[in-house]
Amino acid sequence: MLNGKRILIGIGGGIAVYRVAELARLLIKAGAEVRCVMTKSARAFVTPLTFEALTGNKVHTELFDLTSEREMGHIQLARWADAVVIAPATANILARLSYGIADDLLTTMMQVNEAPVLLAPAMNSSMWESDATRHNVETLKARGFSFVGPEQGQLACGEQGIGRLSEPEDIVAALQPLLWEEQALKGKQWVINAGPTVEAWDAVRLLTNRASGKLGALLASTATAMGAEVTLIAGPGTPSTHPQVKRINVESADEMLAACTKSASNADTFIATAAVSDFRFHEMYTEKMKRGSTTSMHVELIANPDIVAHIANMERRPSHVIAFAAESSNHIEYAKVKLSQKNVDAIVANDVNNMGSHSASGWWITPSCETTIDTDTKQAFAEEIIQHIMELNP
Ligand SMILES: Cc1cc2nc3c(=O)[nH]c(=O)nc-3n(C[C@H](O)[C@H](O)[C@H](O)COP(=O)(O)O)c2cc1C
């Protein structure tokens, strides 16, 4: 999808600038033409030479430079781009964009820009959580800017918390839905569940799994960018999505079942990507259980409801119900059994190793066909799945 697209990277003055070099490289590798605009502060961290060497294009830095303005000034730069990604989007850039301040090349160009914009913020947690930044982020989201990250983790200042620049692969994945031009899913109502579920045993102990919710989030963002109205029922940790996705956060399988049942009764398509815990604790405790002196313990688990089978057998069921089957062996064989048992229209079989990783591939299986989906990123996997769903009979 990025092949031949013109991507402008706006580079702000944060310590994460060095990771944007990898972003530029990934975009070039995907076939995009890349130009960079660096703020004065960004150039204090890394010289433009790095980005010139990677992109093969001159880096744009000055607003008041006659030669640059003649060659490709702020107006032409904005008109050139199919999409803009700003990384790292500093607290300062978020503030200037929010208030329409145009005091350097990047922010002046942004006043002219009409292409979709993805902001990848990175900063210290206190800066991210400050009232001013919160306000600016809300303003920008309401104005239609998309965000990716920031993520939790070790920050450059040595502190732990929210504020890390998203992984370059995740920024590329978040950029792709913004480039969908067709409105192929206009008027469609999709419900997608994603992520793990969490079953509490006591006040602190939980039963959960390694699912990241990435694929469900990518399906939701991509379908939204293609014009669908999407509701995402999201288990804990599911990444952020396109701002127009309606998100309902849940924890347990029971909560997920209730939210899915309510939303799916009006939907055309239900996609079950969530890794719903098969079991929950028979007894739950509100206090923290003491270890005491016991050396072993038996805990009774009871089966959780089968959400996708429940939706597929509802009286007013969506026209298309798609299940996922993560298996460690005999993928196609097991998926075919599930297809008939659960009354679903298609199954995406994939390997358990896809869980939590950036890559994904698998098989699309319906009662009449069996196709390999041979992709190397979750975004490409999501796009192929959407293509297959669009080809199902109405
Ligand atoms: C060592 C150092 C690291 C910095 N890291 C960040 C950062 O990660 N995020 C941020 O928003 N600001 C950071 N700043 C502050 C910005 O550089 C400063 O606000 C600057 O005005 C941003 O300019 P720009 O938004 O035009 O690029 C850092 C400053 C220094 C000195």
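Every number in this text was worked out from the coordinates using simple rules, so none of it is lab data. As the structure is a prediction and not an experimental result, all values here were calculated from the model. In this analysis, Cβ positions are derived from the backbone assuming ideal geometry, glycine residues included, and neighbour counts consider all displayed protein chains.
Using the structure shown, select from Lys188/Lys246; Lys262/Lys342; Lys5/Lys378; Lys5/Lys29; Lys188/Lys262; Lys342/Lys378 the pairs with a Cα to Cα distance greater than 22 angstrom.
Distance filter (> 22 Å) returns Lys342/Lys378.
Does a label point 7 Å from the Cα of Ala258, set along Cα-to-beta-carbon, have any residues of segment 193-229 with amide nitrogen under 16 Å, and which are they?
Once the point is set 7 Å along Cα→Cβ of Ala258, 198-200 turn out to lie under 16 Å by backbone N, inside segment 193-229.
Apply the Karplus curve 6.51 cos²θ - 1.76 cosθ + 1.60, θ = phi - 60°, to the phi angles in segment 152-163 and return the couplings in whole Hz, x for Gly and Pro.
So the Karplus estimates, Gly and Pro as x, are 7, x, 6, 9, 4, 6, x, 7, 10, x, 8, x Hz.
Would you kindly compute the Cα radius of gyration of segment 1-138 and its largest Cα-Cα separation (Dmax), both in Å?
Taking only Cα atoms of segment 1-138, I get Rg and Dmax of 14.2, 41 Å.
Restricting to Cα atoms and excluding each atom paired with itself, what does the Kirkwood estimate give for segment 78-125 in Å?
Hydrodynamic radius (Kirkwood, Cα only) of segment 78-125 equals 11.1 Å.
How big is the convex hull of the Cα atoms of segment 239-322, per residue, in Å³?
144 Å³
What number comes out for the charge environment of Ile192, summing +1 per Lys or Arg and -1 per Asp or Glu over other residues with Cβ under 11 Å away?
After counting each charged neighbour, the total is +2.
May I ask for the distance between the Cα centers of segment 215-232 and segment 27-49, given as a whole number of Å?
29 Å
So how long is each side of the chain along the principal axes, counting just the alpha-carbon atoms, biggest first, in Å?
72, 58, 35
Rounded to the nearest 500, what is the chain's calculated 222 nm mean residue ellipticity when only DSSP H runs of at least 4 contribute -39500 (n - 2.57) each, over all residues?
-10000 deg cm²/dmol
How many nm is it between the label spots at Val112 and Lys141, if each spot is 7 Å from the Cα in line with the beta carbon?
Going from the Val112 label point to the Lys141 one covers 3.1 nm.
If you average the alpha carbon positions of segment 138-158 and of segment 165-212, how far apart do those two centres end up, in angstrom?
16 Å
Please list, short to long, the whole-number percent of alpha-carbon pairs of segment 189-391 in consecutive 5 angstrom bins beginning at zero.
That works out to 1, 8, 16, 19, 20, 15, 9, 5, 4, 2, 1, 0, 0, in percent per bin.
What's the local net charge at Ser361, with K and R +1, D and E -1, over the other residues with C-beta under 11 Å away?
-3
Starting with the fewest neighbours, write out Glu62, Glu167 ranked by other beta-carbon atoms found within 10 Å of each beta-carbon.
Placing the least packed residue first, the sequence is Glu62, Glu167.
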